[in-house]
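What follows is one structure encoded as C-alpha cells, with my remarks underneath.
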Amino acid sequence: MGSGECRSNDYGAAAYWDARYSSGSPASGGGGKFFDWYQTYAALRPLLRARIPAASRVLMLGCGNSLLSEDMAKDGYKDIVNIDISSVVIEQMREKHKEIPQLTYMQMDVRDMTFFADESFDCVLDKGTLDAMMCADDAPDGASKMLAEVARLLRPHGIYLLITYGAPKERVPILCQAGCSWSITLYIMPTPRYQLKMSKGAPQPTMEEVALTEDGQLPPDYVLKDPESHFIYICHKLAVKEANCRATEPEETTNAN
Ligand SMILES: C[S@@+](CC[C@H](N)C(=O)[O-])C[C@H]1O[C@@H](n2cnc3c(N)ncnc32)[C@H](O)[C@@H]1O
C-alpha cells in the first residue's frame, strides 16, 4: 500500500493475511519474522512519548508482526492489547512475546470489538490497518464500522493515533463521519527511503506538524517534500457536546521534532 492506492482488495481479507504470515518470505514478515509497515518505533518515538503516557492502556489495531508493541514495552509502556484478524499472526506473536506481560494478543476483527467495554482504552494505535480496511471489498463501510468502534472504546479525550499513507482529502471525511467526534492534529513524515537519501546532504527534520484548514484539508499552497510521505493523525476524542470534528488550534499542539 502507498501513494493513495490499494494494490490489492485482498488487504481486507483474513485469508490473505493468514497466507502471508504463514509463508516463509522474510520480506513480507512471513515465517515468524517481523515486518514494520511505513515507519519504525525509533522514528515515531518522539511523537508517541510526547502524546501517549507510558501508563496508558493502549489498543494496537491490526498489529501484524510489527516490532512496534515490543519496542514500546521495552521503552516502558505497561499495557498494550494487540489484535489482528489473522489467527496465524496472533499465535506467532503470542508465542514470541509470552515472557512480556505488558503485551497481550487476541484474534479479533476491528469491525466488531464488542468484546471490549465502552471507554476502556486511553489510546488506540493504528499503523496501516485503516489503510487495509479502505482496500477491502466492503470499503468504506467496514472502515466506518471500525472507526465507530474506536470512538466507542476510547475514554473521553483519549487518542486515536493513525499512521497512514492517506492524505487528508482521503482520510478526514471518513474520520469525521457521524458518530465520531475528534480534534485532529496532523504530522507529515517522509518515508525512511527519502530520509536516507536526504540525510546524505543537509540534515532534514523527520516530522513536520502541518496546520489543517478549517475544513480539515492541507493548506492550498502546501507542497509535500516526499510525495510518498506518511500522514500521522492525532485524533483527540471530544466530549459529546463539542463540535463533530475540527482541526486543533495551534496553541494546543506540541512540536515533536
Ligand atoms: C498493513 S498491515 C499493518 C501491520 C502492522 N500494524 C504494522 O504496522 O506493520 C495491516 C494489518 O491489519 C490486519 N487486518 C486487516 N483487516 C483486519 C480486520 N478486519 N481486523 C483486524 N485486523 C485486520 C492484517 O492482518 C494486517 O496484520
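Tabulated values for the structure
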quantity: Mean Cβ count within 10 Å, highest first, over the residues of peptides 89-101, 139-151; calculated: 139-151, 89-101
quantity: Normalised contact order of the chain, rounded percent, pairs of Cα under 8 Å and 6 or more residues apart; calculated: 19
quantity: Magnitude of the charge dipole, the chain, Cβ model with Lys/Arg +1 and Asp/Glu -1, debye to 20; calculated: 640
quantity: Whole-Å distance, taken between Cα centres, linking the range 181-200 and the range 77-123; calculated: 27
quantity: Full-stretch length increase - S120, R193 - with 0.36 nm per residue and alpha-carbon distance subtracted; calculated: 22.6 nm
quantity: Selected from M189, A167, S144, residue furthest toward positive end of dipole (the range 106-205; charges at beta carbon); calculated: M189
quantity: Cysteines without a disulfide-compatible neighbour (Cβ-Cβ under 4.7 Å), the chain; calculated: C63, C123, C180, C235
quantity: FRET E, pair Y16, T213, Förster distance 41 Å, beta-carbon r, rounded to 0.05; calculated: 0.65
quantity: FRET E, pair R57, A239, Förster distance 22 Å, beta-carbon r, rounded to 0.05; calculated: 0.65
quantity: Where labels lie 7 Å past Cα in the beta-carbon direction, separation of R94 and A148 in nm; calculated: 2.9
quantity: Residue-averaged 222 nm ellipticity for the chain, from DSSP H runs of 4+ at -39500 (n - 2.57), nearest 500; calculated: -8000 deg cm²/dmol
quantity: Cα-based Lys pair tally, the chain, threshold under 26 Å, eight or more apart or on separate chains; calculated: 27
quantity: Environment charge at Q102 (Cβ cut-off 15 Å; Lys +1, Arg +1, Asp -1, Glu -1); calculated: 0
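Every read-out reported here was derived from the displayed coordinates using simple, explicitly stated rules and does not represent laboratory data. Treat the numbers as computed from the prediction; the structure is a model and nothing was measured. Glycine gets a Cβ as well: all are built from the backbone with ideal geometry, and neighbour counts include every protein chain shown.
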